[in-house]
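Notes to accompany the following structure.
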Amino acid sequence: MRVRLERGRAANGRTLSLVAGVVLCLFAQTPSLGQDASNLPHQQRARELLRELIEIDTTHSTGDTTEAAQAMAAHLVAAGFPEQDVQVLAERPRKGNLVVRYRGRDAGSRPVLFLAHLDVVEADPTDWTVNPFEFIERDGYYYGRGTLDDKDEVAIHVANLIRLREEGFVPDRDIIAAFTADEEGGEHNGVAWLLANHSDSIDAEFAINEGGGGFLQDGRHVSNNVQASEKVYQSFALEVVNPGGHSSLPVKDNAIYRLADALVRIRDYDFPVKLNEVTRTFFERSAALESPEISAAMRGILEDVPDPESIERLATIANYNSRMRTTCVATLLDAGHAENALPQRAQAVVNCRILPNDLPAEVRTTLDSIIADSQVVVTPLADAKPSPPSPLTPEVLGPIERITQDMWPGVAVIPIMSAGATDGLYLRNAGIPVYGVSGIFRERGDNRAHGQDERILVSAFFDGQEFLYRLTKALAQTSGL
């Protein structure tokens, strides 16, 4: 498979209006559709594709997403996809992206895009109990770096595209799948580069991405979440400079003390609670799934004047606190130059995750006000990238809700705002709404993405494959939606 290497350009951005709405259902326990793993040809194919991907190193430091892209491209071409519809595109030799087009009957309809990334975060084998770059099945789980983030979805999409072609399925509109580089970090983000250099190849009416997924509670399917929004990432450097001097002659005006005081003030400050349509719906629907105490607190923050005690209670739960407000936290420190000298410089990095409707410039002004010390200089490390929420339209939410009820009757479909960031932000800024949903469920509290012994339930992997297969067919049809 030939790789096209090209120079990159800066990507453009456009804004998108926000609308939100959702339908809630009660949860129920149902048997997993994927509990008899790998018993069908398309399941066997997905499992082997996942094995192949896990065992290709695609980390930024030593890995090669081009190798992974070429491997998946070879399977698609062997399955009968025309070579011109299977493109491995790259700006750098080790940073390949795979873009696949499944042709529909109506060239006038805008495509639907399915997005997943080939790269993974670093993994030190000495930190794991298994080899992170070896595909291992144990105790009902698949282990390996990328099993949950995000090679599982790459394997599922490739297997599903081949299955659809084998079945002779003809969509109304084109289906595009893009498997990209550097989502986890690095210098050559694949989605941004494709938008700048090959925008026609991934232009779509809307996109399905990672970022959502389902929750299990003691094996019970609780909710199938749809990521419709994400916070804005912005880091600030705090710096104090001082003449310094000999440590035997200390003075109160110490760069480290000034910086420490500033960080304590940031720690003690809570940004105001601000709910948007997505987060308001999230708390409304999540309240039905929580304990009486947490449920009451969720309803309390939904009042016209949010209840202070409810805010205080939810603020103790990081997952909920992050959805109520902008947050800023100290993440890096660097100070002093010798153990026997007064510090001449003290620096820190404060990382903020900003609500989509808050302005980064206003957050910086707030930090200055909180610190209240002109000798502590606050500087943004990079420009913030806005990420406008995607509208929860019936065209997209309807099929998600219908398929969820078919597969897991009574399970709630809940919109979420991610505290972290995905490549969806680049698409949203390009005017392409993005919805993070996978139908892949995991136990609450067992999210090992980016962590030690990353794993995915075998049954959840195949359930997710079936969910995304049905969703792909549904969203590819333009009639009856």
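The values are calculated or read from the model by the stated rules, or taken from the named source; none is laboratory data. No experiment lies behind these values; they were computed from the predicted model shown. In this analysis, Cβ positions are derived from the backbone assuming ideal geometry, glycine residues included, and neighbour counts consider all displayed protein chains.
Things worth noting here:
- Screening TRP193 on (1) buried (at least 24 other Cβ atoms within 10 Å of the Cβ); (2) among the hydrophobic types (A, V, I, L, M, F, W, C); (3) within 27 Å of ILE414 (Cβ to Cβ) shows it passes everything except condition (3).
- Counting only strands (runs of 3 or more DSSP E) that fall entirely inside region 133-236 and contain at least 1 residues that are within 18 Å of the chain's Cα centre (by Cα) and at pLDDT below 95, the qualifying elements are 213-217, 220-230.
- Among the residues of region 172-203, those identified as in contact with a Pro (Cβ under 8 Å, 6 or more places away or on another chain) and more than 18 Å from ASP150 (Cβ to Cβ) are ARG173, ASP174, ILE175, ASP203.
- For region 237-275, taking the residues that are small (Gly, Ala, Ser) and part of a loop (DSSP other than H, G, I, E, B), the one that is nearest to the chain's Cα centre (by Cα) is identified as GLY244.
- Test: residue in region 220-235 that is hydroxyl-bearing (Ser, Thr, Tyr), surrounded by 24 or more Cβ atoms within 10 Å (Cβ to Cβ), touching a residue at least 60 places away in the same chain (Cβ under 8 Å) and in contact with a strand residue (DSSP E or B) (Cβ under 7 Å, 6 or more places away or on another chain): yes
- Filter result for TYR320 (under 18 Å from ALA228 (Cβ atoms), of a type in the set (Phe, Trp, Tyr) and modelled with pLDDT of 95 or more): yes
- Per-region count, region 417-434, residues at pLDDT 90 or above and β-branched (Val, Ile, Thr): 2
- Considering residues of region 248-299 that are aromatic (Phe, Trp, Tyr) and within 30 Å of GLN347 (Cα to Cα) only, the residue surrounded by the fewest Cβ atoms within 10 Å (Cβ to Cβ): TYR269
- Index of the failed condition, LEU238 passing every other in (1) farther than 23 Å from THR366 by Cα; (2) not assigned by TED's automatic domain parsing to the domain that holds ASP423: (1)
- Test: residue in region 330-345 that is in contact with a Phe, Trp or Tyr (Cβ under 7 Å, 6 or more places away or on another chain) and at pLDDT 95 or above: no
- Residues that are under 20 Å from GLU454 (Cβ atoms), crowded, with 22+ Cβ neighbours inside 10 Å and β-branched (Val, Ile, Thr) do not occur anywhere in region 124-133.
- Looking only at residues in region 380-419 that are over 21 Å from the mean Cα position of the chain (by Cα) and of a type in the set (Val, Ile, Thr), the one that is surrounded by the fewest Cβ atoms within 10 Å (Cβ to Cβ) is ILE403.
- Filter pass, VAL278 being part of a loop (DSSP other than H, G, I, E, B) and either within 23 Å of ILE354 (Cα to Cα) or among the charged types (D, E, K, R) (or both): no
- In region 464-481, the residues that are modelled with pLDDT of 95 or more, in contact with a Pro (Cβ under 7 Å, 6 or more places away or on another chain) and of a type in the set (S, T, N, Q): none
- Scanning region 302-338 for residues that are basic (Lys, Arg) and touching a strand residue (DSSP E or B) at 6+ places or on another chain (Cβ under 9 Å) yields a single hit, ARG323.
- Residues being without any contact (Cβ under 8 Å) to a residue 12 or more places away in the chain and within 24 Å of the chain's Cα centre (by Cα) - total across region 291-318: 2
- Residue list for region 330-354, restricted to those being among the hydrophobic types (A, V, I, L, M, F, W, C), more than 37 Å from the chain's Cα centre (by Cα) and surrounded by fewer than 17 Cβ atoms within 10 Å (Cβ to Cβ): ALA338, ALA341
- For region 233-275, a residue qualifies if it is closer than 25 Å to GLU312 by Cβ, of a type in the set (Val, Ile, Thr) and out of contact with any Lys or Arg (no Cβ under 9 Å at 6 or more places or on another chain), and the qualifying residues are VAL264, ILE266.
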